[in-house]
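Below is one structure, written out as structure tokens; comments come after it.
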Amino acid sequence: MSTLEGHESEVKSVSFSRDGKKLASCSRDKTVWVWEQEAGGDFVCSSVLNGHTQDVKMVKWFPQCEMLLSCGYDDVINTWAFEDDDWGLKTSHKGHTSTVWSADFAPTGDLMASVSDDNTVRLWMDENPKDPGTFTCISTLSGFHIRSIYSCSWNADGNLLATGAGDDAITIFRLEKSTDSMVPYQLSCLENSKSAHDNDVNCVAFHPSENILASCGDDKAIKLWNVIADA
């Protein structure tokens, strides 16, 4: 159909906006590009976003609005918003101590999970859902993976989070309400499959409407898992 060119190094991730009229891409050239669809159907670059100091590993649109999230080799999660007729950096979120490989929003958009080369999972909550994009880390989980965590995915109900890592394992966390008034939510481990694959687990993704998880790894396998939420 078409080839979009412009990045100066490997392109690591792409993501369509909710209406499909915008496309975001990110690259090892440290940039995030926003592409917009013209009347004829072609996509043209409308903005080049500079806010990362190292490779950008993943880009994702917010589920409830036209804002962007990106994360990368500089250990940072950035959010981007369209203001004053141009895209710009809204907030940089620091906390991970090594490459942030992936992040995913819960369906409502007010919670976000991120995973990293530092072997941790972080749960973030939007400080003001009416003005989205600024998140506070409310929980850091460690000890569930012993190597880099490459991927995370929320289920459709937003009560389960899956992670896949370089230790061949997949972990399923359950989102629960906390008894701590200062931290309204917490993640607890529902299942830890230590030998889910025979090698690194590169990606996990929940089905859009069912508790079916897909995973893939360096063992050349794609696996489907039926996740029981009340196990």
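The values are calculated or read from the model by the stated rules, or taken from the named source; none is laboratory data. Just so it is clear, the structure is predicted and the values come from calculations on it, not from any experiment. Every residue, glycine as well, gets a Cβ built from its backbone with ideal geometry; the counts of neighbours run over all protein chains shown. Keep in mind that these areas ignore ligands, DNA and RNA; they rest on the heavy atoms of the full protein, side chains included. Shrake-Rupley method; radii C 1.70, N 1.55, O 1.52, S 1.80 Å.
General observations
- Residues of region 12-26 that turn out to be modelled with pLDDT of 95 or more and at positive phi, as a count: 0
- Single residue of region 71-120 satisfying the filter (in contact with an Asp or Glu (Cβ under 8 Å, 6 or more places away or on another chain), of a type in the set (Ser, Thr, Tyr) and open to solvent by 20 Å² or more (accessible area, probe 1.4 Å)) that is nearest to Asp55 (Cα to Cα): Tyr73
- Within the set Ser215, Ser195, Ser209, the sole residue that is assigned to a loop (DSSP other than H, G, I, E, B), among the small types (Gly, Ala, Ser) and under 20 Å from the mean Cα position of the chain (by Cα) turns out to be Ser209.
- Considering residues of region 36-62 that are outside any strand (DSSP E or B) and within 16 Å of Leu4 (Cβ to Cβ) only, the residue least open to solvent (accessible area, probe 1.4 Å): Gly41
- Listed by first and then second residue, the pairs with beta-carbon distance under 6 Å, at least 6 apart or on different chains, first residue in region 187-215 and closer than 21 Å to Trp124 by Cα and of a type outside the set (S, T, N, Q), second open to solvent by 60 Å² or more (accessible area, probe 1.4 Å) and outside any loop (DSSP other than H, G, I, E, B), are Leu190/Arg174.
- When residues of region 143-185 are limited to those that are hydroxyl-bearing (Ser, Thr, Tyr) and in contact (Cβ under 8 Å) with a residue 24 or more places away in the chain, the one farthest from Asn211 (Cα to Cα): Ser148
- Failed item, numbered, when Leu123 is tested on (1) open to solvent by less than 30 Å² (accessible area, probe 1.4 Å); (2) closer than 23 Å to Lys12 by Cβ: (2)
- So Gly20, is it over 26 Å from Thr99 (Cβ atoms) and assigned to a loop (DSSP other than H, G, I, E, B): yes
- Every test in (1) within 25 Å of Asn202 (Cβ to Cβ); (2) touching a Lys or Arg at 6+ places or on another chain (Cβ under 6 Å); (3) in contact (Cβ under 8 Å) with a residue 40 or more places away in the chain is passed by Ala81 save one, and that test is (1).
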